[in-house]
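For reference, the structure is listed below as structure tokens.
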Amino acid sequence: KDMGLAMFGIPVVCILLAFAPSCTAESETDEDPVELLRAVAVSLEKAEDLAPLIERAGQHELVLLGEASHGTSEFYTLRADISRRLVEEEGFHFIAVEGDWPTLHRLNRYVKGLDGVGPSARRIMEGFDRWPPWMWANEEVEELIEWLRDYNAGRSPDDRVGFHGMDVYGPEISYRKVLAMLGEWHEELAEEAEEAYACLGDFADDFTLYFHAVASGMAPCDGEVQAVVELLRDRREELAVSDREFFNLKQNAWVVKNAEKHFRAIARGGPDSWNHRVDHFFETVERLLEYHGPAAKGVIWAHNTHIGDARATTMAAAGERNIGQIAREQLGADRVFSVGFGTHRGTVVASRSWGEAGVLMNVPPGIPGSYEDIMHRMGEEKILMMLEDLEDAVTLLRPRWHRAIGVVYHPEHDGDQYVPTILPQRYNAFIFVDSTEAVRPIH
């Protein structure tokens, strides 16, 4: 997702989008983007200042909360503040995040007061060993989880708010969970599932090896993992377990199935592996909405590159979609509310290489002409902008640079981290924090 190309001094992506010849330059007749954004901005000085966002977002079925990095404290705390209010004031039923289903299911059991997972959120998080651990094992999430457990304690078991992972990663754990649960509940079904999963046996400890094997000519295991999903669907009545337990079993089987598709697509190259992953995001959210009933409402936490409509970025030109786009297309834009987040400068936890430990890094000031630079010039420390009120602001309906920091980050090449974005089309609202601090990891 590094977007740093230019041709003859003009950003290539701006040409591809057939918009103005620059992502940053203004003509003499353009309105000042700083003043346009200031006209729809609310200074966030106290909790009550989020009221306009809660009131508007709360009327939607899905509220998607983004982040410009996976290691910034303020993005987590603001999303937690918004989520708490949506749960308390607007009756939202679950929070689904860009994390592993099987790993975060332990936190889901904890917030719902179920036994066998640990005495506290911190103790559970200390057991998280999948990389990058700082994403969901941090003090900011810990505070939300403990609040959610207290909130649920006063509610009936069927009305307790859940906390779920919606990512396709962690299939090694899901693989073992499916076999273990069936082994406990139904010996015959367990044997059938184990026979089907034998195709993946050599990769049970590391699915990343699967795409190397497929690329080297091994026959794929797509039919076998699909067979387990169908087995559970067709023989549900033979499992004398609760709907809650069966939902967890079924979701783990879907993780294995869609992880196989995701990793197999890596071997082919192109956008399919990304798209299979985000399809799994949305399918998981769909199942959660169905599980909670016809009036269900959910909060989604994921990176801006996932929750902001891909069609307002160069992702679409690359053949990539995301949950922000899919949700609007499948549910209708009137049922989905997306909130982006950004910062001008600060510190962040990230890694310099995939799989390495996270370290504290400095985030340099936003590049000139970027949205981060424009919002910095507004002169506020923390602001909320309701972008739906900017539909006719022609100056903002052209792509501008917008920073996206991943789990791997090189501050010295920060200029490569910008995605050309038409902000009012990508998000319904945006929260900007001028100077931010790094997330506080548990480990």
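Centroid-to-centroid, using Cα positions, region 103-170 and region 326-351 are 22 Å apart.
Distance between the pseudo-spin-label points of residue 296 and residue 153 (7 Å out from Cα toward the beta carbon): 2.7 nm.
Here the Karplus relation 6.51 cos²θ - 1.76 cosθ + 1.60, evaluated at θ = phi - 60°, turns the backbone of region 349-364 into coupling constants of 9, 7, 10, 8, 7, 4, x, 7, 5, x, 10, 7, 10, 8, 9, x Hz, with x for every Gly and Pro. Net charge dipole, region 308-443: roughly 220 debye, given to the nearest 20, about the Cα centre with Cβ charges of +1 for Lys and Arg and -1 for Asp and Glu. Solvent-accessible area assigned to carbon and sulfur over the chain amounts to 49 percent, based on a 1.4 Å probe.
When the helix-only estimate is applied to the chain (DSSP H runs of n ≥ 4, each -39,500 (n - 2.57), divided by the residue count), what is the mean residue ellipticity at 222 nm, nearest 500 deg cm²/dmol?
Calculated at 222 nm, the ellipticity per residue is -12500 deg cm²/dmol.
For region 182-249, what relative contact order do you get, as a whole percent, if you take Cα pairs closer than 8 Å and at least 6 residues apart? Across region 182-249, relative contact order equals 39 percent. Dipole magnitude for region 333-402: about 340 debye, using +1 per Lys or Arg Cβ and -1 per Asp or Glu Cβ, origin at the Cα centre.
Here's how it looks for residue 64: its modeled amide H is under 5 Å from those of 300, 337, 338, 339, which are all 5 or more places away or on a different chain.
What are the semi-axes of the equivalent ellipsoid for the chain, taken as the square roots of 5 times the Cα gyration tensor eigenvalues, largest first, in whole Å?
37, 26, 20
Pull out the extension gain between residue 38 and residue 443, defined as 0.36 nm times the separation in residues minus the alpha carbon to alpha carbon distance; nm, one decimal.
Here the answer is 141.8 nm.
Prolate is the label for region 177-220, because the ratio a/c of its alpha-carbon gyration tensor axes (a ≥ b ≥ c) is 1.5 or higher and a/b is greater than b/c. State the answer as a single residue: which of 166, 78, 91 lies farthest towards the positive end of the charge dipole of region 54-187, with beta carbon charges of +1 for Lys and Arg and -1 for Asp and Glu, about the Cα centre. Toward the positive end, the furthest listed residue is 166. Since only 308, 247, 211 are under comparison, the one whose Cα sits farthest along the positive direction of the charge dipole of the chain, derived from C-beta charges on Lys, Arg, Asp and Glu, is 211.
List the relative contact order of region 328-392 as a percent without decimals, with contacts defined as Cα pairs under 8 Å and 6+ residues apart. Reported as a whole number, the value is 23 percent. Taken over the C-alpha atoms, region 319-373 has Rg and Dmax values of 16.4, 41 angstrom. The amide H of residue 363, built 1.01 Å from its N in the peptide plane, has 346, 347, 348 as neighbours under 5 Å, considering only residues 5 or more places off or on other chains. Using θ = phi - 60° in the Karplus curve 6.51 cos²θ - 1.76 cosθ + 1.60, the 3J(HN,Hα) couplings for region 270-285 round to x, x, 4, 4, 4, 5, 5, 5, 6, 4, 4, 3, 5, 4, 5, 5 Hz; x is entered for Gly and Pro.
Just the C-alpha atoms of region 377-443: what Rg/Rh do they give, with Rh taken as the Kirkwood radius?
Values: Rg = 14.5 Å, Rh = 14.2 Å.
Taking Rg over the Kirkwood Rh, I get 1.02.
With q set to 0.16, 0.22 Å⁻¹, the log10 of I(q)/I(0) for region 250-328, from the Debye formula over equal scatterers at the Cα positions, is -0.65, -1.06. Relative to the longest principal axis of the Cα atoms of the chain, the long axis of helix 139-153 lies at roughly 60 degrees.
On average, how much accessible surface per residue is there in region 362-443, in Å², for a 1.4 Å probe, leaving out ligands, DNA and RNA?
Values: 2820 Å² over 82 residues.
Here the residues of region 362-443 average 34 Å² of exposed surface.
Shown in residue order for region 373-383 are the 3J(HN,Hα) couplings computed by the Karplus curve 6.51 cos²θ - 1.76 cosθ + 1.60 at θ = phi - 60°: 5, 4, 5, 4, 6, 6, x, 10, 6, 8, 9 Hz (x for Gly and Pro). Amide H contacts of residue 439: 72, 73, 349, each under 5 Å away and 5 or more positions distant or on a separate chain (H built 1.01 Å from N in the peptide plane; Pro and chain starts excluded). With a simple spin-label model that places each label point 7 Å from the Cα along the Cα-to-Cβ direction, the separation between residue 131 and residue 334 comes to 4.7 nm. Pairs from the table (112/177; 297/382; 177/261; 112/297) lying more than 22 angstrom apart at Cα are 297/382.
About the centre of its Cα atoms, the chain shows a dipole size close to 200 debye [charges on the beta carbon of Lys, Arg (+1) and Asp, Glu (-1) only; nearest 20 debye]. Normalising the average separation of contacting C-alpha pairs (under 8 angstrom, six or more residues apart) by the number of residues puts the relative contact order of the chain at 28 percent. Shape verdict for region 68-123, please, from the Cα gyration tensor: rounded (a/c under 1.5), prolate (a/b greater than b/c) or oblate. Oblate, since a/c reaches 1.5 and b/c is not below a/b.
Each label point was placed 7 Å from the Cα along the Cα-to-Cβ direction; for residue 46 and residue 180 their separation is 4.8 nm.
The values are calculated or read from the model by the stated rules, or taken from the named source; none is laboratory data. All values derive from a computational prediction rather than experimental measurement. Backbone-built Cβ (ideal geometry, glycine too); neighbour counts: all protein chains shown. Calculation scope for accessible area: heavy atoms of the full protein, side chains included, ligands and nucleic acids excluded. Shrake-Rupley method; radii C 1.70, N 1.55, O 1.52, S 1.80 Å.
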